[in-house]
Amino acid sequence: MYTAVVIILMVGVALGAPTAPSPCCAPDQWEGLISQMMGYNQKGKAGIRKGYMTMAYDYTNRRLEIFNHLNDSGSGMEVNSNVIQNYKSGKQYVIQGQKCTMTDLPGMMQQQCIPKNATFQTSLYYGAGSSTLMANSFTFPRTGMTVDVSVTQDGCIPIGESVYGSINNYAFFEVMGFINVTTGIKDPSVFNIPSSCPHVTPQHPAHQFTGLLKYVSEKYRK
């Protein structure tokens, strides 16, 4: 189901000869579900990762919460993890079951904006007839990667994103679809650190630093 959502969200109908809009910023607080599929090759070992994440983005209070469910065909691994980033305290927590790890979170939280160096690609719409959603598409470079993203014309809400490149011998191509997005934070308790976290270990599992979770967890840091 989530794979189909990704494919559908990445396909819109392009409109001809638009006037290039300026890059925009998403709301300072929003929540939504991100479905994803990624093909990768790491030192000759290829695989497919697919799954979904729920995310609560709170730039107002400088914090981010992600629940990640992922299946990896290459390793046969299934991951369920929860990431909480608090930029005011400078800490990142990763919770898997009753285990919790914590690391320092250097830098500042970055507002979710299309960067100024982005290139406008086209205006497009999703749907048909009177039930259409107008969007703009941009592309921009990120260290070792190229990012293509589509956002709504009204509100700059993310709709779809593709990321491809190679980092530390890890080549990948990934597509993401954003669904059920709402503005604001309905339940601020999602940012609370679980009671298991006062007893933390200083290192994260290695798989947390690859793929979508790595990209998303670092995407909002500068």
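Multiplying the residue separation of residue 153 and residue 22 by 0.36 nm and removing their Cα-Cα distance gives an extension gain of 46.1 nm. The ellipsoid that matches the Cα gyration tensor of region 114-156 has semi-axes, each √(5λ) in whole angstrom, of 24, 9, 7, with the longest given first. Using the average count of surrounding beta-carbon atoms within 10 Å as a protection proxy, the listed peptides 29-39, 139-149 rank, highest first, as 29-39, 139-149. Along each principal axis, taking the top coordinate minus the bottom one, the Cα set of region 33-83 gives 42, 18, 15 Å in descending order. Mind running the shape call on region 6-137? Use the C-alpha gyration tensor, a ≥ b ≥ c as the square roots of the eigenvalues: rounded below 1.5 for a/c, prolate if a/b tops b/c, oblate otherwise. Here region 6-137 falls in the oblate category. When the pairs 50/91; 43/116; 88/186; 45/88; 45/91; 88/116 are compared against a 31 Å limit on Cα-Cα distance, 43/116; 45/88; 45/91 fall above it. Electrostatic tally near residue 48: other residues with Cβ closer than 14 Å to its Cβ, Lys and Arg +1, Asp and Glu -1, net 0.
None of the figures in this text is laboratory data; all of them are computed from the coordinates on show. Predicted model only: the values in this text are computed from it and were never measured. Positions of Cβ are generated from backbone atoms using ideal geometry, with glycine treated the same way; all protein chains shown enter the neighbour counts.
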